[in-house]
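Here's the structure, in structure tokens; my notes come after.
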Amino acid sequence: MQHNPRFLALVDAIRPRIEETDIHQIKRWQEQGHSFHLIDVREESEWAKGHLPGARYLGRGVIERDIETLFPDPETELYLYCGGGFRSILAADNLQQMGYHKVISVDGGFRAWCEAGYPVES
């Protein structure tokens, strides 16, 4: 997908404030049985077509509204992913502004996960 220049500029401005990991780290943790919170911030229609195993849906349209109900502790580690790693950066920034200290965006997102041939749930 080709993103618009102002959207990319916004993401690039925020990126230095956000911690990132990649899909391979997420896959390793899953294989090792680590317990962590993986949040899919894509649109509901994207989620319905498939998502990372063990992920929980909390779309960008509602994440700020619902995060405290699901994860009241601001020290909870939250790993956010989207289609390619851009929307998750925006969502991570908002959660940090809300006081969450351990929010990590998954670079490459669902697209990179699929390209790596990793399993998908539906």
Roughly speaking, what is the stretch gain from Arg60 to Ala48, that is 0.36 nm per residue apart minus the C-alpha to C-alpha distance, in nm to one decimal? 2.8 nm
Quick one: check the C-alpha center-to-center distance for the range 1-80 versus the range 91-122, whole angstrom. 3 Å
What residue among His101, His24, His34 shows peak mean-square fluctuation when the chain is described by a Gaussian network model with Cα springs under 10 Å? His34
Can you tell me the dipole magnitude for the chain around its Cα centre, using point charges on the Cβ only (Lys, Arg +1; Asp, Glu -1), in Debye to the nearest 20? 280 debye
Result for the chain: accessible area per residue, probe 1.4 angstrom, in square angstrom, of 55 Å²
Please identify, among Val106, Val62, Val41, the residue showing maximal mean-square fluctuation in a Gaussian network model of the chain using a 10 angstrom Cα cutoff. Val62
Can you list which of the GluC sites (Glu not before Pro) found in the range 43-81 are DSSP loop residues with at most 10 other C-beta atoms within 10 Å? Glu75
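The values are calculated or read from the model by the stated rules, or taken from the named source; none is laboratory data. Everything numeric here is computed off the predicted structure, so don't read it as measured data. Heads up, the Cβs are rebuilt from the backbone with ideal geometry, glycines too, and the neighbour counts pull from every protein chain shown. Areas reflect the complete protein model, heavy atoms only, side chains present, ligands, DNA and RNA absent. Shrake-Rupley method; radii C 1.70, N 1.55, O 1.52, S 1.80 Å.
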